[in-house]
1. Could you check how much of the accessible area of the chain is carbon and sulfur, as a whole percent, using a 1.4 Å probe?
2. Can you give the helix-only mean residue ellipticity at 222 nm for the chain, where every DSSP H stretch with n ≥ 4 adds -39500 (n - 2.57) and the sum goes over all residues, rounded to the nearest 500 deg cm²/dmol?
3. Got the relative contact order for the chain handy, in percent, Cα pairs under 8 Å and 6 or more residues apart?
4. Would you mind estimating how fast segment 5-139 diffuses translationally, via Stokes-Einstein at 25 °C and 0.890 mPa s with the Kirkwood radius over Cα pairs, in µm²/s?
5. Gain in length, Lys66 to Lys43, computed as 0.36 nm per residue apart minus the alpha-carbon separation, to one decimal in nm?
6. Around Val68, which amide H atoms from residues at least 5 apart in sequence, or from another chain, sit under 5 Å from its own amide H, with H modelled in the peptide plane?
7. What number of lysine-lysine pairs in the chain show an alpha-carbon separation below 13 angstrom, given a sequence spacing of 8 or more or placement on distinct chains?
8. Pick out which of Ile88, Ile58, Ile70 has the largest mean-square fluctuation in a Gaussian network model of the chain, springs linking Cα atoms closer than 10 Å.
Amino acid sequence: MIPAPLKKQLASSLQDGFVLKRSVFQQCLELYPMDEWNLMMAKINKLNRFVKKNNDFIRRFTAGVKVVEIDALGRLLVPKDLVTFSGISKDVVFSSAVNIVEIWDKDLYEKSISGEDMDFADLAEEVMGNINDDDNGIS
């Protein structure tokens, strides 16, 4: 079941459907509204397929991709191969990732954000520390 507040946020995308795929970096799933998926595929389609690394990337990136819909009751059917990949067992977490939604097994999500493998303050500084595009001193 998609939580009701999330379903409201996705309302404009319900008619077009979604793409559900394996995450590249994490053991979770990524739910793309179809318009976001089309933007991503436009970028990927610019890759030269006569470069082996590009071809390998495209194959791996699109492995397990499924077109899915959220039904009238707010349910999303996750195919078994994607459930297996993501390790979803009982409790599920839906996490906003800017323009997509990540779908996690709750225990794996908690482990990923616990900070055991990284210091979030250091990561934030490294990723966002040099961005200042507002000319007001606030990034």
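1. On the way: 5300 of 9950 Å².
Answer for the chain: carbon and sulfur cover 53 percent of the accessible area.
2. Calculated mean residue ellipticity at 222 nm is -10000 deg cm²/dmol.
3. Values: 155 pairs, mean separation 34.8, N = 139.
25 percent.
4. Values: Rh = 17.1 Å.
After rounding, the answer is 144 µm²/s.
5. Working: separation 23, 0.36 × 23 = 8.28 nm, distance 1.89 nm.
Length gained between Lys66 and Lys43: 6.4 nm.
6. When sequence neighbours closer than 5 places are left aside, the close amide H contacts are Phe18, Val19, Leu20.
7. Values: Lys21/Lys66; Lys21/Lys80; Lys66/Lys80; Lys90/Lys106.
Taking the Cα cut-off of 13 Å, the pair count is 4.
8. Ile58
The values are calculated or read from the model by the stated rules, or taken from the named source; none is laboratory data. The shown structure was predicted, so the numbers you read here are calculated from the model rather than taken from an experiment. Accessible surface areas use protein heavy atoms only, side chains included; no ligands, DNA or RNA. Shrake-Rupley method; radii C 1.70, N 1.55, O 1.52, S 1.80 Å.
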